[in-house]
Amino acid sequence: MMNAFRVFLYGSLHSYMPHYLNAFSIWKLCVFADPSMEKIEFLFGKLSPDFYRTIDAGLRYTDNIDYYSGEKLLIMDEILDCLMDRIRKLIERKNLQNT
């Protein structure tokens, strides 16, 4: 999830790659880069009320992939699909296929 956020930001904000920010800050940068991303923010609330802290804690210790139920994994997949679509559009728009 965090890697997808970082790649999206790298493509959107002209080569800025945030390394040491927490999940909430990186997400807010994604929304700054593309305000229409705010439309999927409700999905984070469906995952967990403290989604950002869960992601941050998982980064410190483990993936925590077994922590999520099948339903929550489907929601995460939906978020990642949305991010990947936007990343593909950035690649096409900036003509980065061959670089």
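The values are calculated or read from the model by the stated rules, or taken from the named source; none is laboratory data. Bear in mind the structure is a predicted one, so any value in this text is a computation, not a measurement. Positions of Cβ are backbone-derived with ideal geometry, glycine not excepted, and every protein chain shown enters the neighbour counts. When the accessible area is computed, the model is the full protein with side chains, heavy atoms only, and any ligands, DNA or RNA have been set aside. Shrake-Rupley method; radii C 1.70, N 1.55, O 1.52, S 1.80 Å.
Taking label positions 7 Å along the Cα-Cβ direction at both I87 and F32, the computed distance is 2.1 nm, reported to one decimal.
The largest accessible area among I55, I79, I91 belongs to the first residue in I91, I55, I79, and the rest follow in falling order (1.4 Å probe, all chains). Within the assembled protein chains, the solvent-accessible surface assigned to R6 is about 40 Å², based on a 1.4 Å probe. Counting only protein heavy atoms and using a 1.4 Å probe, the accessible area of L74 comes to about 120 Å².
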